[in-house]
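Participant: Could you have a look at this structure, given as structure tokens, before my questions?
Read the figures in this text as sums done on the coordinates, not as results from a lab. Computed from a predicted model, the values in this text were never measured in an experiment. Reconstructed Cβ throughout: ideal geometry from the backbone, glycine too, with neighbour counts over all protein chains shown.
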Amino acid sequence: MNAQMMQMPLLVSSIMTHAARYHGDTEIVSQTVEGAVHRYTYAEASRRTQALANVLARLDIGPGDRVGTLAWNGFRHLELYYAVSGIGAVVHTLNPRLFSEQIAWIVNHARDTVVFFDLSFLSLVEAVAPQCPSVRHWIVMTDKAHMPADSSGKFLCYEDLMSAEPQHYDWPDLPETMASGLCYTSGTTGNPKGVLYSHRSTVLHALACIQPDVMNLSARDVVLPAVPMFHVNAWGLPYSALMVGAKLVLPGPNLDGASLHRLCDDEGVTLSAGVPTVWLGFRQHLQKIQSKPSTLKRVLVGGSACPPSLMQAFDDEYGVSILHLWGMTELSPVGTVNTLKLKHQDLPDAQRHDLLAKQGRPPFGIELKIVNDAGESLPTDGQAAGDLLVRGHWVLDRYYESDHSPLREGWFPTGDVANIDADGYLLITDRSKDIIKSGGEWISSIELENIAMSHPAIAEAAAIGVRHPKWDERPLIVAVKKPGADATREDILAHYAGKIAKWSVPDDVVFVDELPHTATGKLSKLQLRQKLSEYRLPDSR
């Protein structure tokens, strides 16, 4: 027997319509690349998004066409998120931190027909454009007054196009399984891979994210995504913030500690999100000026493991809760968020901190399991570690333009090594390619890094395996000291005493001025291994 309920498709356009109708006077604040602060309301954003839909139609962009963006977090980028998907086309966020050759490869692989870009990426576009024959138009996301002087005939002006169109568009009823967005993985090995999201997966992901035990978003929040909109759709915040009617603060290109602190305090930000390096810089700035954030309450940290020392510092010094988030481009990206259950509220501080250091538990819509090398499920006892597999309503089935599915009997292999406890809390112990294998035993690089970064003199650290003639591999710590701090190799190695088994203690410490990071802000151990390829441990030289 079929149910007798309305059949309304889950569409991205419906989020903007809802925001404008029920939160029309809520602000969107943007720090622009031109240097000004732009303010308007959800109602105004909705009208401009409809005008942009008419622009796209005028440019002969239709259902299924890929529309590229090279842009920071700003109001025009937000308009593109909704207008492109709303007409049935696919918004394709390009990562400007990649090399120009990589960007050209991605544009060509996606066969983008139009690319919108911020002024700050003009030189990048001039290098990439001749290599991208599928792109019919390159559109500068600015007004006439700021257009490049020599752009006549080469580029179109966003605001000129907008001013010529009516601010009314009837969003079509599309199949909810239709593609809405396209993001490419960072491609640390081989070419990047495209992940093609649907309207259904995007809306379900946003619905999951607003739940109290996930991001806990509401119309009383002021949300600042410090994670770029070109990095897995800013973890879904441009959708989930509008879904609940939260004030949205878009920081533009400036993600340094001073800029974020000023914007947070000026706009009354209550929740932000970003990779650990952003919050390390944020804290260093606050320490330098001896200040605290005035309104910030919660910070979502993902992309790589957040050092427990940083989590505790934010809690103790600022009263700000850092919530661990784990996910992947292939998961839209949220897989787990660490929020406590009722039974955990009265735990002793040490146990509570240990629990909060985990990556958290999945919301409804995501399932996790760990398996051994034979593919057999392992117990969820918080001890057994194995390969992490995931499935769910917003998880990839296959990569864009690929005939082969990576799934294993319906489950996506994440490439992470993890354990899961009886309450479903996930602990990523390593990436399978980063785990250090010494004398037949596994050593977690994440655990070694967390201990190193708990030393008061260390700002950032990485642990990698170095070849050893007897033990196959031994751990090496590569560390960056805090400004003005001093520490020796012996100081850091002594810091491990009593914290882990003696055979897991690193063999050596190398100090560097900075560590390499990927285009999405993650620590690049691939580059680090290449840089230290000639390094030999003291007892194996």
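Participant: Contour minus end-to-end for residue 423 and residue 340, with contour as 0.36 nm per residue of separation and end-to-end as the Cα-Cα distance?
Facilitator: Value of the extension gain: 28.9 nm.
Participant: Please report the spacing between the Cα centers of region 195-230 and region 167-188 in Å, no decimals.
Facilitator: Each part reduced to its Cα centre gives a spacing of 15 Å.
Participant: Using alpha-carbon pairs under 8 Å, 6+ residues apart, how would you state the relative contact order of the chain in percent?
Facilitator: This gives 10 percent for the chain.
Participant: To continue, here is another question. Counting other Cβ atoms within 10 Å of each Cβ, which GluC sites (Glu not before Pro) in region 423-527 have at most 16 and sit in a DSSP loop?
Facilitator: 514
Participant: Go through 504-510, 377-383 and give me the packing order, highest mean Cβ count within 10 Å leading.
Facilitator: 504-510, 377-383
Participant: Taking the dipole about the Cα centre of the chain, with the C-beta of Lys and Arg at +1 and of Asp and Glu at -1, give me whichever of 270, 191, 167 is farthest to the positive side.
Facilitator: 191
Participant: Right, next: May I ask you to derive the FRET efficiency for residue 489 and residue 407 from their Cβ-Cβ distance with R0 = 35 Å, giving the value to the nearest 0.05?
Facilitator: The calculated FRET efficiency here is 0.20.
Participant: Moving to a separate point now. Give the separation of the Cα centroids, region 45-99 to region 476-541, in Å.
Facilitator: Between the Cα centres of region 45-99 and region 476-541 lies a distance of 43 Å.
Participant: Using the Cα centre of region 436-540 as the reference point, and only Cβ charges (+1 on K/R, -1 on D/E), how large is the resulting charge dipole? Debye, rounded to the nearest 20. Intermediate values should be presented prior to the final figure.
Facilitator: Details: 14 positive and 15 negative charges, 48 e Å.
Its charge dipole is roughly 220 debye.
Participant: Please compute the contact order of region 436-540 in relative form: average sequence separation of alpha-carbon pairs under 8 Å and at least six residues apart, divided by the residue count, as a percent.
Facilitator: On the way: 167 pairs, mean separation 26.9, N = 105.
Reported as a whole number, the value is 26 percent.
Participant: Working out 0.36 nm times the residue gap between residue 512 and residue 111, then minus their Cα-Cα distance, what length gain in nm do you get to one decimal? List each step's numbers first, then the result.
Facilitator: Working: separation 401, 0.36 × 401 = 144.36 nm, distance 4.09 nm.
Contour length minus the Cα-Cα distance gives 140.3 nm.
Participant: Given a Förster distance of 22 angstrom, what is the FRET efficiency for residue 470 paired with residue 536, based on the Cβ-Cβ distance and rounded to 0.05?
Facilitator: Calculated value: 0.95.
Participant: Tell me, what is the percent relative contact order of region 38-163, built from C-alpha pairs under 8 Å that lie six or more residues apart?
Facilitator: 23
Participant: Compute, for the chain, the length of the dipole vector about the Cα centre, with Cβ point charges of +1 (Lys, Arg) and -1 (Asp, Glu) only. Units Debye, rounded to 20.
Facilitator: 160
Participant: Let me ask something else about it. What is the extension gain from residue 317 to residue 393, computed as 0.36 nm multiplied by their sequence separation minus the C-alpha to C-alpha distance, in nm to one decimal?
Facilitator: Between residue 317 and residue 393, full extension yields 23.5 nm more.
Participant: Any idea how far apart residue 34 and residue 18 come out in nm if each label point goes 7 Å out from Cα toward Cβ?
Facilitator: About 3.3 nm, to one decimal.
Participant: Right, next: Tell me the angle of helix 75-86 to the major Cα principal axis of the chain, expressed in degrees between 0 and 90 and rounded to the nearest ten.
Facilitator: Relative to the chain, helix 75-86 is tipped by roughly 70 degrees.
Participant: Order these peptides, 389-402, 70-83, 5-18, by their mean beta-carbon neighbour count within 10 angstrom, highest first.
Facilitator: My ranking of the peptides, most packed first, is 70-83, 389-402, 5-18.
Participant: Enter the angle in degrees (range 0 to 90, nearest 10) between the Cα long axis of helix 257-267 and the first principal axis of the Cα atoms of the chain, meaning the one along which they spread out most.
Facilitator: Helix 257-267 and the main axis of the chain meet at about 50 degrees.
Participant: Enter the Cα centre distance for the pair region 282-301 and region 393-434, rounded to the nearest angstrom.
Facilitator: 33
Participant: Lys/Arg Cβ at +1, Asp/Glu Cβ at -1, dipole of the chain taken about the Cα centre: which of 257, 493, 405 is farthest positive-ward?
Facilitator: Value computed over the given set: 493.
Participant: Using R₀ = 45 Å, calculate the FRET efficiency as 1/(1 + (r/R₀)^6) where r is the Cβ-Cβ separation of residue 294 and residue 374; round to 0.05.
Facilitator: 0.25
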